[in-house]
Amino acid sequence: MRKVFFGLVIVSMIFAVQVFAEDLQAPFSGLLGWGLKTDVNIGYLGFVATEVIRVDVIYADPFGIANRLGCSPEAVNWKVGLGGAFGKDTTGTSFQTGALFVDNVIDVVPNAVFGTGLYVGYGLNWAFYGIGRTSGFGGQAYLGIKKPLANGYVPYAELGWGCISAGDSTQGARVNLGLQMTL
């Protein structure tokens, strides 16, 4: 699992380097031409070294939350994706689990300093598969900062709290690094 973790880190770096290699003025309909907004992120959860890997699809606000908050429709997004977590739970027992994630992300300050945006997010997760574990529900809440680059690439960092329940839960501080991209 750790090889997969570091493999995703390397792939994310390759995508980030590709941003600088491409012509910034060329029209861009996505890496594969699909126009689908996606997200790949890696991070740590809790103080027991639990690694979390996620791949999400990003959707525009289908519930009209932006109108109720009085902000632009682009300021509210939903992320739905699959991921995995591995490491140790609160009892110190090693575990591996697959999880479904659903997050709501709201841009608080879209272009604060030098085009860098500040956002908040919250969501639920369901650990649907675990080696020797039962499934369970968890959640996450976080504050993030992002910097849009050319061709739809958006690197970001998040800090918050999270919980994944696979048997004994793993919870605590949550630190994520990720890259949004258009496929």
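Worth pointing out:
- Qualifying residue in region 109-121 (condition: out of contact with any Pro (no Cβ under 7 Å at 6 or more places or on another chain), at pLDDT 90 or above and surrounded by fewer than 17 Cβ atoms within 10 Å (Cβ to Cβ)): yes
- Selection from region 43-79 of residues that are in contact (Cβ under 8 Å) with a residue 60 or more places away in the chain and surrounded by fewer than 20 Cβ atoms within 10 Å (Cβ to Cβ): 44, 47, 48, 58
- Some residue of region 136-159 being out of contact with any helix residue (DSSP H, G or I) (no Cβ under 8 Å at 6 or more places or on another chain), of a type in the set (Lys, Arg) and crowded, with 16+ Cβ neighbours inside 10 Å: yes
- Filtering region 72-112 to residues that are within 23 Å of residue 157 (Cα to Cα) and part of a loop (DSSP other than H, G, I, E, B) leaves only 72.
- Considering 171, 140, the condition of being modelled with pLDDT under 85 and not hydrophobic (A, V, I, L, M, F, W, C) is satisfied by 171 alone.
- Pair list, Cβ < 8 Å and 6+ apart or interchain, from region 80-107 residues that are farther than 25 Å from residue 65 by Cα and at pLDDT below 90 to residues that are in a loop (DSSP other than H, G, I, E, B) and among the acidic types (Asp, Glu): 95/89
- Residues of region 160-175 that turn out to be in contact with an Asp or Glu (Cβ under 8 Å, 6 or more places away or on another chain) and surrounded by fewer than 20 Cβ atoms within 10 Å (Cβ to Cβ), as a count: 4
The values are calculated or read from the model by the stated rules, or taken from the named source; none is laboratory data. Only a predicted model underlies this, so the values are computations on that prediction, with no experimental measurement involved. Positions of Cβ are backbone-derived with ideal geometry, glycine not excepted, and every protein chain shown enters the neighbour counts.
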